[in-house]
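Note sheet for the following structure.
Throughout, read-outs are computed from the coordinates displayed, never taken from laboratory work. As the structure is a prediction and not an experimental result, all values here were calculated from the model. Virtual Cβ from ideal backbone geometry, glycine too; neighbours counted across all protein chains shown.
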Amino acid sequence: MMPSCKETARLLSQGADRELAFGERLALRVHLAICRGCRNVDAQIRFLRRAVQALSRDQDQSDTA
Ligand SMILES: [Zn+2]
């Protein structure tokens, strides 16, 4: 039932590309609740995703301006 850290890392990276299924999100949340290491990975992925989105948004604005 409990996903391993390896499985959790896979779900985290897939979550950046597609919507996870309910069971996948649930497994992810349960694992993140108990695993500090995977919470750090999750925080890093979220930070990088926001940074990439901010960069591409700036790029779009400079293209249309
Ligand atoms: Zn973990």
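Restricting attention to the stretch 21-32, the residues that are free of Cβ contacts under 8 Å to residues at least 12 places away in the same chain and either over 21 Å from L48 (Cα atoms) or away from the ligand (no atom under 16 Å from the Cβ) (or both) add up to 4.
The selection criterion, being surrounded by 10 or more Cβ atoms within 10 Å (Cβ to Cβ) and touching a Ser or Thr at 6+ places or on another chain (Cβ under 9 Å), does not hold for D58.
Being polar (S, T, N, Q), within 16 Å of the ligand (Cβ to nearest atom) and in a helix (DSSP H, G or I) narrows it down to one residue among Q61, Q44, Q53; which is it?
One residue alone meets the criteria, Q44.
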